[in-house]
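Student: Just dropping this structure here.
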Amino acid sequence: MFTRSLRRSRVSSTERIGEHRVNPVGRLPAGGGQLRTAVHRPPARGRPAPYAGGVTTSPATSHRQVLRDLLARIVDGEFAAGTALPSETKLAERYGVARGTVRNALSGLEDRGMVTPVQGAGWIVQSTLHTQSFVELRSFAQWARSKGMTPGGLVHTSEPGPASALEARKLRVAARSPVLRVTRTRTLDGRIVMLERTAYPEWMMPHISAIPADESSVVDVMQREFGITTAHADHAIDAVPASSADAALLGVRRSSPLLRVRRTSFTSGGRPIEFGEDRYLPDTVTFQVQASSVGNTLTRGEFSAG
């Protein structure tokens, strides 16, 4: 069974599954294979030299650019939870901006719960790690509320199209049958923690299309408004590098490690409701499993990039 708990600590490089240890959020190269090392080359004529973080030394650099770069470096683990960031003066020198610009960027990170100012110590990196359970089937929003957190969601795209081979298999429909693909970000207490991509079969399309884009719990609306209840779900968990699209929506670097949870939800009669893929930022959610010789809710599966 899975258990959920809240704790403040940096996400560990391994998570325990029964008596086995796996690395769910280890850094992965974008295309698999060998890790690549950045090569620094002289800047083109007329362009300022970039820093390793990707923000240039131009005085026109905005606090939003500094914020995005610092956020990516925190998520990537360059600045560990509980440690201090470089001083505002050093950050200003590094990014080639005024201290006020850096301060505005740090305030933005504070609003996201990523750092906090400590007198005499500077800006300290924070970490709120949540552990998720499947002992009782709950939606993301239901679980968040049970822990005293405020869930949120925002639809970025909602597009009909023909089902892919994988979608058709998971939703138990004919190849190229109509499906509705919805992409949205999910938040905890205002902080983006997950990117959700879901494919719905044709019979679900009018219901999903009627739900507001900023609804925090689709599962609740489906049950309350349409009488559709998720009775059980299958989950598969692995780790993947962030794609360019992931990076843009989650505010991280491309190839940053993400925890992927693929799920298929069903009605009590076994009819597929959705096939989804959730991609969590590291240092946000972990999954813990308790195993016994009597029974185990997890099974091992061969890795598949599909």
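Student: Could you list, in sequence order, the residues of the range 188-215 that are modelled with pLDDT under 95 and touching a Pro at 6+ places or on another chain (Cβ under 7 Å)?
Tutor: Answer for the range 188-215, where residues must be modelled with pLDDT under 95 and touching a Pro at 6+ places or on another chain (Cβ under 7 Å): just L188.
Residue by residue, here is whether (1) farther than 20 Å from R191 by Cα; (2) touching a residue at least 24 places away in the same chain (Cβ under 8 Å); (3) hydroxyl-bearing (S, T, Y) holds:
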{"residue": "T89", "(1), (2), (3)": "yes, no, yes"}
{"residue": "R94", "(1), (2), (3)": "yes, yes, no"}
{"residue": "T101", "(1), (2), (3)": "yes, yes, yes"}
{"residue": "N104", "(1), (2), (3)": "no, yes, no"}
{"residue": "S107", "(1), (2), (3)": "no, no, yes"}
{"residue": "T116", "(1), (2), (3)": "no, no, yes"}
{"residue": "G122", "(1), (2), (3)": "yes, yes, no"}
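Student: Here is a list of conditions, (1) touching a Leu at 6+ places or on another chain (Cβ under 9 Å); (2) at pLDDT 50 or above, and G53 meets all of them except one; can you say which number that is?
Tutor: Tallying (1) touching a Leu at 6+ places or on another chain (Cβ under 9 Å); (2) at pLDDT 50 or above, G53 fails exactly one: (2).
Student: I'd like the full set of residues that are more than 15 Å from the chain's Cα centre (by Cα), part of a strand (DSSP E or B) and surrounded by fewer than 16 Cβ atoms within 10 Å (Cβ to Cβ), limited to the range 236-287.
Tutor: Within the range 236-287, just A236 meets the criteria.
Student: Taking R184 as the residue in question, decide whether it is touching a Gly at 6+ places or on another chain (Cβ under 6 Å), charged (D, E, K, R) and within 21 Å of E167 (Cα to Cα).
Tutor: Answer is yes for this residue.
Student: Same structure again: Checking V102 against (1) surrounded by fewer than 13 Cβ atoms within 10 Å (Cβ to Cβ); (2) part of a helix (DSSP H, G or I): exactly one of these is not met. Which one?
Tutor: V102 satisfies every listed condition except (1).
Student: Filter the range 186-200 for residues that are within 20 Å of A236 (Cα to Cα) and either touching a Lys or Arg at 6+ places or on another chain (Cβ under 8 Å) or among the hydroxyl-bearing types (S, T, Y) (or both); which is surrounded by the fewest Cβ atoms within 10 Å (Cβ to Cβ)?
Tutor: Only one residue tops the list, namely R197.
Student: Take the residues of the range 61-96 that are in a helix (DSSP H, G or I) and small (G, A, S): which is surrounded by the most Cβ atoms within 10 Å (Cβ to Cβ)?
Tutor: Within the range 61-96, the subset in a helix (DSSP H, G or I) is 63-75, 88-95.
After this cut, where a residue has to be small (G, A, S) as well, the list is 72, 92.
Numbers: A72: 20, A92: 18.
Among those residues, the one meeting the criterion is A72.
Student: Hey, does the range 157-171 have a residue that's open to solvent by 20 Å² or more (accessible area, probe 1.4 Å), closer than 17 Å to D246 by Cα, outside any loop (DSSP other than H, G, I, E, B) and out of contact with any Asp or Glu (no Cβ under 7 Å at 6 or more places or on another chain)?
Tutor: yes
The values are calculated or read from the model by the stated rules, or taken from the named source; none is laboratory data. What you are looking at is a predicted structure, and each value in this text was computed from that prediction instead of being measured. Reconstructed Cβ throughout: ideal geometry from the backbone, glycine too, with neighbour counts over all protein chains shown. Just the protein is used for accessible areas: all its heavy atoms, side chains included, with ligands, DNA and RNA removed. Shrake-Rupley method; radii C 1.70, N 1.55, O 1.52, S 1.80 Å.
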